Amino acid sequence: MHRFLIALLMASSCGGDPHGAATYVGDVDGTDMKVGIVTEGGKVAMFFCGGPTSYTQATKWFRGTAEPMTIAFSANGWVANASASGDMATGTVDRGNGNPLHFTARKVPEDGVAGLYQLKDEHGTAGVVVLDPMHAQGALVPVDPAIAVEQIEAILPVSRTSDAIQVNVVESVPRAITVTRVHAQ
């Protein structure tokens with residue numbers, strides 16, 4: 001059972017709406033993990049995506065309600081904390097081993113290709129963090145916890161049509177899927 005401990009405080013810059021939509025993407029220091037964070041209207045979606053060497057053990061979704069300024073999640077041994085100021089979000093993630101890893105994510109335009117994307121279907125929840133048209137990584141977290149996390153490869157350069165991009169699941173059942181931009185609402 002997931003236990004969430006959430007308090008989100010996203011600082012607004014230049015008098016902007018602290019509850020307005022904001023998306024941050026970045027890297028987890030010293031790893032091949034990426035992070036995507038979406039906040040909007042007092043809600044937050046956060047996705048840590050392991051890379052080619054870690055996607056099976058370093059991929060995790062967090063979702064919940066929030067208030068502007070600091071993010072704190074706890075679920076299944078993982079603990080994630082973050083704060084944002086202006087165009088940057090920084091924080092730590094502990095995957096349950098007592099070793100917090102630092103991350104930095106930059107704010108990206110809501111109408112650009114960079115961002116956090118997902119697809120929920122009968123297989124599970126796919127997530128893709130797009131840093132820019134040439135850098136994206138994703139994974140599919142299966143509905144059945146007995147099934148391993150599957151790697152997703154972006155079709156490069158990443159091209160956004162409306163709110164969606166095409167990617168490939170490359171594991172047990174290779175297939176193309178369409179993931180859409182995450183909205184925290």
Output yes when any residue across the stretch 98-113 is closer than 19 Å to TRP61 by Cβ and hydroxyl-bearing (Ser, Thr, Tyr), and no when none is.
no
Would you be able to tell me the number of residues in the stretch 30-41 that are small (Gly, Ala, Ser) and closer than 22 Å to LYS120 by Cα?
2
Within the stretch 85-99, the residues that are in contact with a Gly (Cβ under 9 Å, 6 or more places away or on another chain) and either in contact (Cβ under 8 Å) with a residue 12 or more places away in the chain or of a type in the set (D, E, K, R) (or both) are MET88, ALA89, THR90, ASP94, ARG95, GLY96
Looking at the stretch 169-185 only, could you name the residues that are in a strand (DSSP E or B) and either of a type in the set (A, V, I, L, M) or at pLDDT below 95 (or both)?
VAL169, ARG175, ALA176, ILE177, VAL179
So is THR92 surrounded by fewer than 16 Cβ atoms within 10 Å (Cβ to Cβ), assigned to a strand (DSSP E or B) and in contact with a Pro (Cβ under 8 Å, 6 or more places away or on another chain) or not?
yes
What is the number of the single condition among (1) loosely packed, with under 14 Cβ neighbours inside 10 Å; (2) on the phi > 0 side of the Ramachandran plot that HIS102 does not meet?
(2)
Can TYR55 be described as modelled with pLDDT of 80 or more, touching a strand residue (DSSP E or B) at 6+ places or on another chain (Cβ under 8 Å), surrounded by 16 or more Cβ atoms within 10 Å (Cβ to Cβ) and assigned to a loop (DSSP other than H, G, I, E, B)?
yes
Report whether or not PRO100 is under 27 Å from PRO133 (Cα atoms) and of a type outside the set (Asp, Glu).
no
Can you find a residue in the stretch 107-130 that is on the phi > 0 side of the Ramachandran plot and assigned to a strand (DSSP E or B)?
yes
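The values are calculated or read from the model by the stated rules, or taken from the named source; none is laboratory data. Fair warning: this is a prediction, and the values are worked out from it, not measured in the lab. No Cβ is skipped: glycine too gets one built from the backbone with ideal geometry, and neighbour counts run over all protein chains shown.
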